[in-house]
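Below is one structure, written out as structure tokens, with a few remarks after it.
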Amino acid sequence: MPAAFSAVTIVTLGKFDPDLFRLESLVESKVISETEANRSKVIALLPDQVAHLTFPWGDLLVLRDRLHATATEAPFIRIADLVAQAMNMADNRCSLRAFGINFEAHFDVGSMAARDALAMRFAPPDAWGEWGRTVRESMKSEKLELHGGVTALTMREWFRAGDIRGWYDVTLTSSEKVPNNTGVQFRTNHHHVYVPELPPAADLPVEEGAKRQTAALLTALAGAFDDSIGKGERIFAEVLV
């Protein structure tokens, strides 16, 4: 079943300098092309506070403690490239301590009844006792303000790969992007944080530690991005069968 809408956002946490992220700087550093810059818009630029830019295929938001890059059109890999190139452009003025690859896909399952049936496979109302049976009865209502059921369900897988650890969450909710209340949304959160297996030397300079951490996370992002999206697509397909 093809998705009615999909998007990917990379959320990075760390230390950032919003003043570096101007369209002209991104073009000069070859993070984006001049053609892309001519079709882009500046939403907000506040010195030392925020830079918010939109591109024909997504957007970039930079605050002092986080950076969000979103792609609403394939190829989604372009935001992983953008983050890596932007961090290289910023050099020591920005650093990472964690990142997440967040993939969302919305599907039209045809009817509200089909949406409810899918949700009940994973959270049967009867498992919640008498109250659950009341919720199940409310799911027969065509009045949206009285129609109960599952609002969100999340499964989590933990992982560790060398100095990187984190989790892979998959969340199932109803979709606000599919009309007529016939849609479901799947959302993944593939979170990565740098936790070295061996503690760093006590005399390691803070700046050098930040550089190592940033390099390790950027390497993890490059290696995990495509697999993270592909894994989500396979999970969604298996659930929707």
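The values are calculated or read from the model by the stated rules, or taken from the named source; none is laboratory data. Predicted model, so just to flag it, every value in this text is computed and none were measured. Here the Cβ positions follow ideal geometry from the backbone for every residue, glycine too, while neighbour counts run over all protein chains shown. Areas reflect the complete protein model, heavy atoms only, side chains present, ligands, DNA and RNA absent. Shrake-Rupley method; radii C 1.70, N 1.55, O 1.52, S 1.80 Å.
Structure values in brief
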item	result
Single residue of THR214, THR188, THR182 found to be open to solvent by less than 30 Å² (accessible area, probe 1.4 Å) and over 22 Å from ILE79 (Cα atoms)	THR182
Among the candidates ALA220, ALA224, residue that is open to solvent by less than 30 Å² (accessible area, probe 1.4 Å) and under 14 Å from the mean Cα position of the chain (by Cα)	ALA224
Tally, over the range 1-51, of residues that are without any contact (Cβ under 8 Å) to a residue 24 or more places away in the chain, open to solvent by less than 50 Å² (accessible area, probe 1.4 Å) and in contact with a Ser or Thr (Cβ under 9 Å, 6 or more places away or on another chain)	2
Considering residues of the range 139-191 that are touching a Pro at 6+ places or on another chain (Cβ under 9 Å) and among the small types (Gly, Ala, Ser) only, the residue nearest to PHE107 (Cα to Cα)	GLY149
Filtered residue count, the range 190-214, keeping only those that are at pLDDT 95 or above and farther than 14 Å from LEU13 by Cα	0
All positions within the range 56-105 that are more than 14 Å from the chain's Cα centre (by Cα) and open to solvent by less than 40 Å² (accessible area, probe 1.4 Å)	TRP57, VAL62, LEU82, ALA84, ALA86, MET87, ALA90, CYS94, SER95, LEU96
Subset of the range 71-123 [closer than 23 Å to ILE164 by Cα and β-branched (Val, Ile, Thr)]	ILE77, ILE79, VAL83, ILE101
Segments classed as strands (runs of 3 or more DSSP E), wholly inside the range 68-180, with at least 2 members that are touching a residue at least 12 places away in the same chain (Cβ under 8 Å) and within 15 Å of THR9 (Cα to Cα)	95-108, 164-174
Breaking point among (1) in a helix (DSSP H, G or I); (2) surrounded by fewer than 20 Cβ atoms within 10 Å (Cβ to Cβ); (3) over 15 Å from the mean Cα position of the chain (by Cα), for PHE236	(2)
Residue match in the range 193-207 (condition: more than 23 Å from ALA113 (Cβ to Cβ) and buried (at least 18 other Cβ atoms within 10 Å of the Cβ))	yes
